[in-house]
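Down below is the structure, laid out as structure tokens.
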Amino acid sequence: MLRFAKFYGKICGTITSQSSNKTLIGIVAAHSVLNRSCYYSVKCSFGVTVRQPHLQGEEAVPLIMVAQNQASRLPQFIAALAATLGGFVMGSQLGWTSPTKDEMVAKYSMSALDWSWVGGILSAGAMVGAFVAGPICDKIGRRTTIILTTIPCTIGWALIIWASETWMVIIGRALLGAMSGVMSCACPLYTNEIAETAIRGTLGTFFQLQVTIGILFSYIIGAAVSVVSLSFICAVIPFVLSLAMFFMPESPTYFLKNGDTSAAKSSLQKLRGSFYNVDDEIVVTQKILDEVEAQKLSFAQAFSTTAAKKGLTIGLAVMFLQQFSGINGVIFYASDIFNR
């Protein structure tokens, strides 16, 4: 029985780091299995729940041991995948111009300049959308912001699908670009705030991954169907995003910033699992928010030090070089580039 106890304790070793506790858990488990006892749930001092003996003669219940401070990661992965569908929406809009150029130019008798506006206006719209996304997210919430992007996206695709003139296509693309800017801010922000520290980096990669998948999606589908069919398919994707986000909880950080602690706890509980004690995490997050608020500085003050200026310069330089390397041009006109 002692060997069986040690084996059982080794299996349960992930829930406690003390070897004596492993053996104790194993002894309790072994006693339960060998004697087919019925057990009540009782929380032990070393952080697990075990079953205490119940009255003999009643139906046996298997021993259960549950970690009390281990957050479930599955809800976080699901929420991150749902939110980063915004990246897929953005990618499908970025890649749309590549397979559609010939048909669109012929249909509307577009000049090279006209088509350049159709491609480039998306990036211009994204600048505007990204600029206003932060205040909107703070005002109505990250989840709600992501859901509401469906409305302008639908209008944008409608203008493109039923356009009678080139300017309607350009306006539609501008609307889509603005929503791309909003999603490029709201989706990663939501993902960052719902993830626990240990997997935040992993979940943070989902958005850019979804963007590239969305671009590839437009390339593949666009090569097989007409412009109108591709546009209709792309117009449906934002609805899938909104439907997925409808079932996700709002960011706990948003609730805390608005003073609603009970809603923040409820949201975090859904994201961490019913067995996780969220109180400590709520306290830590609230403390961080309070410190940020107390140390709030103007833009000039925040970047008054040499280190801050260097950091800002490096960050801006990286983004500038990335965008001005011409990557969007390659994405917009990939079919032309490879045909020539």
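The values are calculated or read from the model by the stated rules, or taken from the named source; none is laboratory data. Being a predicted model, the structure only gives us computed values, none of them experimental. All Cβ positions, glycine included, derive from the backbone under ideal geometry; neighbour counts span all protein chains shown.
With respect to (1) touching a residue at least 12 places away in the same chain (Cβ under 8 Å); (2) over 30 Å from E293 (Cα atoms), the lone exception for G273 is condition (2).
Residues checked against (1) surrounded by fewer than 23 Cβ atoms within 10 Å (Cβ to Cβ); (2) within 19 Å of the chain's Cα centre (by Cα); (3) touching a residue at least 12 places away in the same chain (Cβ under 8 Å):
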| residue | (1), (2), (3) |
| --- | --- |
| T149 | no, yes, yes |
| W157 | no, no, yes |
| I171 | yes, no, yes |
| L176 | no, no, yes |
| C187 | no, yes, yes |
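Report yes if some residue within segment 314-324 is in a helix (DSSP H, G or I), among the β-branched types (V, I, T) and either modelled with pLDDT of 95 or more or out of contact with any helix residue (DSSP H, G or I) (no Cβ under 9 Å at 6 or more places or on another chain) (or both); otherwise report no. Step through it out loud before you land on a result.
Taking segment 314-324 as the starting set, the residues that turn out to be in a helix (DSSP H, G or I) are 314-323.
Right, trim to among the β-branched types (V, I, T) and you get 314, 318.
With the extra rule that they be either modelled with pLDDT of 95 or more or out of contact with any helix residue (DSSP H, G or I) (no Cβ under 9 Å at 6 or more places or on another chain) (or both), the set shrinks to 314, 318.
Within segment 314-324, one or more residues are in a helix (DSSP H, G or I), among the β-branched types (V, I, T) and either modelled with pLDDT of 95 or more or out of contact with any helix residue (DSSP H, G or I) (no Cβ under 9 Å at 6 or more places or on another chain) (or both).
A count restricted to segment 275-307 and to residues that are farther than 16 Å from A264 by Cβ, surrounded by 11 or more Cβ atoms within 10 Å (Cβ to Cβ) and under 28 Å from the mean Cα position of the chain (by Cα) stands at 1.
Residues in segment 237-293 that are farther than 19 Å from T145 by Cα, part of a helix (DSSP H, G or I) and β-branched (V, I, T): T261, I282, V283, V284, T285, I288, V292.
Filtering segment 243-260 to residues that are in contact (Cβ under 8 Å) with a residue 40 or more places away in the chain and surrounded by fewer than 21 Cβ atoms within 10 Å (Cβ to Cβ) leaves A244, F246, F247, P249, K257. Condition first: under 30 Å from C185 (Cβ atoms), surrounded by 14 or more Cβ atoms within 10 Å (Cβ to Cβ) and at pLDDT 50 or above. Can you find one or more residues in segment 49-71 that meet it? Yes, segment 49-71 has at least one match.
Kindly indicate whether A130 is over 18 Å from C234 (Cβ atoms) and either out of contact with any Asp or Glu (no Cβ under 9 Å at 6 or more places or on another chain) or in a loop (DSSP other than H, G, I, E, B) (or both). Give the steps one after another, and end with the answer.
Details: over 18 Å from C234 (Cβ atoms): yes; either out of contact with any Asp or Glu (no Cβ under 9 Å at 6 or more places or on another chain) or in a loop (DSSP other than H, G, I, E, B) (or both): yes.
Judged against the criteria, A130 is a match.
Is segment 191-198 home to any residue that is assigned by TED's automatic domain parsing to the domain that holds A126, crowded, with 19+ Cβ neighbours inside 10 Å and part of a loop (DSSP other than H, G, I, E, B)? Checked against the condition, which is being assigned by TED's automatic domain parsing to the domain that holds A126, crowded, with 19+ Cβ neighbours inside 10 Å and part of a loop (DSSP other than H, G, I, E, B), segment 191-198 yields at least one hit.
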